[in-house]
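Participant: First the structure, which I've put down as C-alpha cells, then a few questions once you've had a look.
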Amino acid sequence: MSADFLKELEIQRGYLLRVARLQLRDAALAEDVVQDTLVAALAAQSGFTGRSSVKTWLTGILKHKIVDAIRRKQREPVAASTLDDEADIEDFDALFNERGSWRDKPTEWASPDDALSQRQFFEIMEMCMEKLPPNTARVFMMREVMELETEEICKELSITANNLWVILYRARMSLRECLQLNWFADGRRA
C-alpha cells in the first residue's frame with residue numbers, strides 16, 4: 001500500500017463526506033458510508049488502473065455505498081404528501097411574465113468551467129443545497145450527483161416520473177436563484 005495512495009484517500013475524504021451528507025442528510029450515516037467507501041477502496045487498490053482520477057473512482061464507489069444505505073434506510077416509501085409539499089412550482093411564477101419569459105433576465109454566468117474550478121463556488125453551492133428541503137435535495141443528488149435513472153429514483157421513493165420532474169425542476173430553480181443571489185450577483189464570476 002503506497003503512502004501516496006493513502007494521502008490521496010485522506011485528501012478526498014472531505015469531498016466524499018460533503019456528498020454523502022448532502023445526499024443522506026444524516027451526519028452519522030454519512031460518516032459510515034464514507035468509511036465503507038474508503039475501506040472498499042483500500043481493499044480494491046490493486047484494481048485501480050488509473051484510467052480515471054482517484055476522486056472519480058472513489059465517487060463511483062461512494063455512489064454504490066449511498067444507494068445501499070438508502071435502500072437499507074428507506075424500506076418504507078417516502079410519504080407522497082411530503083414530496084408534494086416540496087414540489088409547489090407556483091413559487092416560481094413571479095420569476096416569469098405572462099408569456100413565459102424572464103421578468104429580470106438572469107446575469108450572464110461567464111465561463112462555467114472557470115466558476116466550477118473555484119473552491120468558493122462549491123462552498124456556495126453546498127450552502128444552496130443545504131437550503132433545499134431535505135427530500136428535494138435528496139432527489140436532486142440522486143439524479144445529478146449519483147446519476148441514478150428516473151425509474152430507479154421513482155422506485156426508491158415511490159413517486160411518479162412526473163412528480164420526479166417537478167421536484168427536479170423546483171430544485172434546479174431554487175439552486176439557480178440561490179446561486180444568482182449568492183455567487184453571480186456578488187461579482188464573483190470568473
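Participant: Give me the mean projected area, in nm² to one decimal, of the convex hull enclosing the Cα positions of segment 3-73.
Facilitator: 4.5
Participant: Return T56, T49, T136, T37 ranked ascending by Cβ neighbour count within 10 Å, so the fewest neighbours appear first.
Facilitator: Fewest to most other Cβ atoms nearby, the residues stand as T49, T56, T136, T37.
Participant: What's the ranking of 162-169, 39-46 by average number of surrounding C-beta atoms within 10 Å, highest first?
Facilitator: The peptides rank, most packed first, as 162-169, 39-46.
Laboratory data are not the source of any read-out in this text; all were calculated from the coordinates shown. Remember, it's a predicted structure, so these values are computed and weren't measured experimentally. Ideal geometry is used to build each Cβ from the backbone, glycine not excepted, and the neighbour counts take in all protein chains shown.
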